[in-house]
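Coordinate-derived values only; no laboratory data. As the structure is a prediction and not an experimental result, all values here were calculated from the model.
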Ligand code: NI
């Protein structure tokens, strides 16, 4: 059994979700963790976890939504954390690629959501783009919280810092991109990875240019097995154990 530990299976991207789920299951991908990014998608996460046994959810405000979010959106998250199928706070973090001009506001929102995770004893799903130093410093302020560094693609040195803080590394289709050096450190980080697609984004090679789907977890897994000389069974064992450790499912 494979798990897509990070995807956005929302109506605005997929008009036939049952067939997307079916295609994934045919590829051995049987569990899905859907991450919310704003009030609307958080509401949709709550509907999806009710409708599908195989879908778990995380609630959060993505840093890209820093300008639109309202304080009550955080209250909405808190009001809905009691469900057993809500397994974390995400996707949260810092994005300085698009948001250079509102770094302080992003940090404030990030800290507020880390605090919610801390109070509820939930893991976090971290989005960090061109913001490594600030991300690490804020994670250090919350030593009781752990989680996943979503879409990790940086150096072994940075990986080691995150691992030392107790975080796992989310690996997706980026690892298959021709210009990505992440494959070189795969053997080192292998014991601490989990698999994700970030669907509908980041479609793996050779399907780039089309909409990503959870079924491609199998392609990402095959690529990692090839690069690290382990069997699919071994990779399933490692990643499922890590998912159990982080999300307690
Ligand atoms: Ni995402």
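Computed values, structure above
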| quantity | calculated |
| --- | --- |
| Contact order relative to length of region 10-62, as percent, for alpha carbon pairs under 8 angstrom and 6 or more apart | 35 |
| Listed residues 236, 64, 133, most fluctuating in the chain (Gaussian network, C-alpha, under 10 Å) | 133 |
| Rg over Rh, two decimals, region 2-247 (C-alpha only, Kirkwood Rh) | 0.94 |
| Centroid-to-centroid separation of region 150-183 and region 35-58 [C-alpha atoms, Å] | 26 |
| Mean separation of Cα contacts under 8 Å, 6 or more apart, over the residue count of region 2-247: relative contact order % | 20 |
| Whole-number percent relative contact order across region 92-219, with pairs defined as alpha carbons under 8 Å at least 6 apart | 17 |
| Rounded if a/c under 1.5, otherwise prolate or oblate - region 36-147, Cα gyration tensor axes | prolate |
| Highest-MSF residue in the chain out of 208, 111, 31 [GNM, Cα springs under 10 Å] | 208 |
